[in-house]
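Trainee: Below is the structure I would like to discuss, written out as structure tokens.
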Amino acid sequence: MSLACTEQELEQLLLAVAFTRNFGFVLGGIGDGQCTIDVPFQAAFERPGGVVSGQVFMAAADVAMWLAIKTRLGIDDASVTAEMKTNFLGSARREAFRCTARVLKLGRRLIYGVAECVDGNGRLLAHSTITYIAAESAAG
């Protein structure tokens, strides 16, 4: 099955959007309804105590899902997050991590998926369930 967008298009999107650019997300790979991003460590990510802030894991999960959806619906898809739940299962200290999102169900209006963030050894750090809602087209 061919994807609705290319890795190059998603890489360009990550660089074009200030939000994703500021986090330094790097595309790790894509598949049909799947996307992996690498999240390099930044000192700005630390919360008191030296642990990488949970909001970084949540942002990575949300962006990975956003891109995973685009592999199915195309680069111009305007779907947005409707709901997200994240369980923090481990901590990262001054280290990069990787986040992989998978679309589990692509409905007419709702898109449901999961994302997992792991450290360099594959240890699970966070697990998210994410629901997106298909946005109406600008012409519609």
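Trainee: Expected output is a single nm value to one decimal: the length gained when fully extending between A16 and R108, i.e. 0.36 nm times separation in residues minus the C-alpha distance. What is it?
Mentor: That works out to 30.3 nm of additional length.
Trainee: Let me ask you something else. Not counting the cut sites, what is the longest span of the chain without trypsin sites (Lys or Arg not before Pro) that DSSP labels loop and that have at most 15 other Cβ atoms within 10 Å?
Mentor: 1-93
Trainee: Let me ask something else. First select every other residue whose beta carbon is under 13 angstrom from the beta carbon of L73; then total the charges, Lys and Arg +1, Asp and Glu -1.
Mentor: Local charge sum for L73: 0.
Trainee: Then there's this: Modelled label-to-label distance, S53 and Q8, 7 Å Cα→beta-carbon offset: nm?
Mentor: Here the answer is 3.6 nm between the modelled labels.
Trainee: Net charge near R123: determine it from the other residues with C-beta under 14 Å of the C-beta of R123, scoring Lys and Arg +1 and Asp and Glu -1.
Mentor: Once all neighbours under 14 Å are counted, the net charge is -1.
Trainee: If you average 1/r over all unlike Cα pairs in the chain and invert the result, what Kirkwood radius do you get in angstrom?
Mentor: Radius from the Kirkwood sum: 15.1 Å.
Trainee: In nm, what is the difference between 0.36 nm times the number of residues separating M84 and I133 and their Cα-Cα distance?
Mentor: Result: 16.5 nm gained on full extension.
Only the coordinates and a few stated rules stand behind these numbers; no lab work does. In this text, all values refer to a predicted model and were calculated from it rather than measured experimentally. Counting neighbours? That spans all protein chains shown, and the Cβs are built from the backbone with ideal geometry, glycine included.
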